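S.K.: To start, I am sharing the structure in question, which I have written as structure tokens.
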Amino acid sequence: MAIIEAQSLTYKYPNSQKPALQNINLKVEKGEFVVISGPSGCGKTTLCRCFNGLIPHFYGGELQGEIRVNGLNVKEVSTAKLATQVGLVFQNPENQLFSLTVERDVAFGLENLGLPPQEIRRRVDWALNLVGLSGLKDKPPFELSGGQQQKAAIACVLAMQPPIMVFDEPTSFLDPLSAREIFNIIAELHAKLDLTVIVVEHRLEFLTAHASRLIFMDEGKIVLDGKPREVLKEASESFSGKIGIPKVALLHRRLTLQGISLGSTSLTVDELAEPLRRMLHP
Ligand SMILES: Nc1ncnc2c1ncn2[C@@H]1O[C@H](COP(=O)(O)OP(=O)(O)O)[C@@H](O)[C@H]1O
Ligand SMILES: [Mg+2]
């Protein structure tokens, strides 16, 4: 059974005419690492809100079709119950941090679950260790850098041990170096833990190498869905003006069109450089 399954999912926010999601059909299997991309306003965040029940329970509006998360019907199950299944990390970590110390922030959600103190302690230490923040646990979150704050926000969600983690543009407020660190942490968590990971992101050049699947959305619909290489190949042929295709994939395509045979679409600069080097220095 798929861990996330949406069937003919269509959604309209209250008082809006146009659906933000239109006829979404999506199956995500346990353990997948899915990257979702697409132009601003195409419905990525809205889809994430359906995964953890913020839609329809918090936003209201009109949700048609079906969505199930780990077997639970999102329309019928409370957001509290869904929060144990889906952890959502937002763009802006400041929205997720409000305590006087990093440690208190990570403990907060666990206290709400009513866990015993020694289990809370164990999970807080475990989560902070996984994101590399153990040394900063007594710091006030507002004193941390943006990248450290996002790591703290990830620890907050991780400590709840949900089987599914969803990251909605987790690096859009970060510099490229911190962004890369966050992507590495996400990839490491996916590899180490038994997690299903969904990342909404436009900086594809760092991320697609880790992903098992890439989805492009446009105007509330899923327009491409498949293995990253294949999706990037298709996207660089037909969608390049519209969505942020990594430069390396576009260059790969241009070189291929010039008659340089490079094999399947390169996901990273190293992958593209390798056959070129061999051509130049056979
Ligand atoms: N809270 C909201 N109320 C009404 N409309 C919204 C709300 N949030 C998003 N929308 C609209 O839904 C559409 C999809 O937005 P969103 O899911 O935020 O896109 P993305 O995350 O891909 O940028 C847009 O047209 C946006 O204006
Ligand atoms: Mg968004």
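S.K.: Before rounding to the nearest 500, sum -39500 (n - 2.57) across all DSSP H runs of length at least 4 in the chain and divide by the residue total; then give [θ] at 222 nm in deg cm²/dmol.
M.R.: Working: 11 runs with 112 residues, N = 282.
Calculated from helices alone, the mean residue ellipticity at 222 nm is -11500 deg cm²/dmol.
S.K.: Next up: Report the GluC sites (Glu not before Pro) located in the stretch 1-80 that are in a DSSP loop and have at most 14 other Cβ atoms inside 10 Å of their Cβ, or state none. If you can, show how the numbers build up before the last one.
M.R.: Values: sites: Glu5, Glu29, Glu32, Glu62, Glu66, Glu76; in loops: Glu29, Glu32, Glu76.
Answer by residue number: Glu29, Glu76.
S.K.: OK, next. In whole Å, how far is the Cα centre of the stretch 45-92 from that of the stretch 184-242?
M.R.: Computed from Cα coordinates, the inter-centre distance equals 21 Å.
S.K.: Related question: Counting Lys and Arg as +1 and Asp and Glu as -1, each charge on the Cβ, what is the dipole of the stretch 107-165 about the Cα centre in debye, to the nearest 20?
M.R.: On the way: 6 positive and 5 negative charges, 20 e Å.
With only Lys, Arg, Asp and Glu charged at Cβ, the dipole is about 100 debye.
S.K.: Starting from the Cα of Asn129, step 7 Å along the direction of its Cβ; do the same at Glu143; then give the gap between the two resulting points in nm.
M.R.: Taking the two extended label points, one gets 2.4 nm.
S.K.: Post the alpha-carbon centroid distance, the stretch 1-25 to the stretch 247-278, in whole angstrom.
M.R.: Rounded to whole Å, the Cα centres lie 37 Å apart.
S.K.: May I pose another question? Please tell me the relative contact order of the stretch 132-282 in percent, rounded to the nearest whole number, where contacts are Cα pairs under 8 Å and at least six residues apart.
M.R.: Details: 143 pairs, mean separation 23.0, N = 151.
After rounding, I find 15 percent.
S.K.: Along the Cα→Cβ direction, 7 angstrom out, place labels at Asn112 and Arg254. What is the inter-label distance in nm?
M.R.: Each label point lies 7 Å from its Cα, and together they span 4.8 nm.
S.K.: About the Cα centre of the stretch 191-282, what is the dipole size in debye to 20, counting +1 per Lys and Arg Cβ and -1 per Asp and Glu Cβ, all else neutral?
M.R.: 240 debye
S.K.: Sticking with this one: Within the stretch 1-103, report the trypsin sites (Lys or Arg not before Pro) that DSSP leaves as loop and that have at most 14 other Cβ atoms within 10 Å.
M.R.: Details: sites: Lys12, Lys27, Lys30, Lys44, Arg49, Arg68, Lys75, Lys81; in loops: Lys30, Lys75.
Those satisfying the criteria are Lys30.
S.K.: Computed over the Cα atoms of the stretch 72-186, what is the ratio Rg over Rh, Rh following Kirkwood?
M.R.: Working: Rg = 13.8 Å, Rh = 14.3 Å.
Result: Rg/Rh = 0.97.
S.K.: What order do Tyr13, Tyr59 take when sorted by accessible area (1.4 Å probe), most exposed first? Intermediate results must be reported in sequence, preceding the final value.
M.R.: Working: Tyr13 50, Tyr59 70 Å².
From most accessible down to least: Tyr59, Tyr13.
S.K.: Same structure, new question: Output the Cα-based Rg and Dmax of the chain in Å, rounding Rg to one decimal and Dmax to a whole number.
M.R.: 19.9, 64
S.K.: Of the options Leu82, Ala211, Ser145, report the single residue whose Cα projects farthest towards the positive end of the charge dipole of the chain (beta-carbon charges: Lys, Arg +1; Asp, Glu -1).
M.R.: The Cα lying farthest towards the positive end belongs to Ala211.
S.K.: Normalising by the residue count of the chain, find the relative contact order in percent from Cα pairs under 8 Å and 6+ residues apart.
M.R.: Working: 515 pairs, mean separation 61.1, N = 282.
Relative contact order, the chain: 22 percent.
S.K.: Looking at the stretch 86-180, which GluC sites (Glu not before Pro) are DSSP coil and have at most 13 other C-beta atoms within 10 Å of their C-beta?
M.R.: On the way: sites: Glu94, Glu103, Glu111, Glu119, Glu143; in loops: none.
Nothing satisfies the criteria.
S.K.: Separate question: Provide the FRET efficiency to the nearest 0.05 for the Gln161-Glu94 pair, computing r from the beta carbons and using R0 = 22 Å. Provide the component values of the computation, followed by the final result.
M.R.: Working: r = 24 Å, r/R0 = 1.08.
Plugging the Cβ-Cβ distance into 1/(1 + (r/R0)^6) gives 0.40.
S.K.: What dipole magnitude, in Debye to the nearest 20, does the chain give about its Cα centre under +1 on Lys/Arg Cβ and -1 on Asp/Glu Cβ?
M.R.: Numbers: 30 positive and 31 negative charges, 75 e Å.
Dipole of the chain, to the nearest 20 debye: 360 debye.
S.K.: Right, next: Give me the net charge for the shell around Pro141: Cβ to Cβ below 12 angstrom, other residues only, Lys and Arg +1, Asp and Glu -1. Before the final figure, lay out the partial values.
M.R.: Working: positive: Arg104, Lys137, Lys139, Lys151; negative: Glu94, Glu103, Asp105, Asp138, Glu143.
Taking every Cβ under 12 Å from that of Pro141, the sum is -1.
S.K.: Sticking with this one: How high is the FRET efficiency between Asp175 and Glu76 when r is their beta carbon distance and R₀ equals 51 Å, given to the nearest 0.05?
M.R.: On the way: r = 42 Å, r/R0 = 0.83.
So, using R0 = 51 Å, E works out to roughly 0.75.
S.K.: According to a simple spin-label model (label point 7 Å from Cα along Cα-to-Cβ), what is the distance in nm between Met279 and Ala191?
M.R.: Here the modelled spin labels are 3.0 nm apart.
S.K.: Ordering Thr84, Thr101 from largest to smallest accessible area (1.4 angstrom probe), what's the sequence? Write out the running numbers ahead of the final one.
M.R.: Numbers: Thr84 55, Thr101 30 Å².
Putting Thr84, Thr101 in descending order of accessible area: Thr84, Thr101.
S.K.: Follow-up question, since we're still on this one. Under the Kirkwood approximation for Rh and a Cα-based Rg, what ratio Rg/Rh is obtained for the stretch 8-90? Write down the numbers at each step before the final one.
M.R.: Values: Rg = 12.4 Å, Rh = 13.3 Å.
Rg divided by Rh gives 0.93.
The values are calculated or read from the model by the stated rules, or taken from the named source; none is laboratory data. In this text the structure is predicted, and so the values were computed from the model without any measurement. Cβ sites come from the backbone with ideal geometry, for glycine too, and all protein chains shown count toward neighbours. Each accessible area value is taken on the protein alone, full model and side chains, heavy atoms only, with ligands, DNA and RNA left out. Shrake-Rupley method; radii C 1.70, N 1.55, O 1.52, S 1.80 Å.
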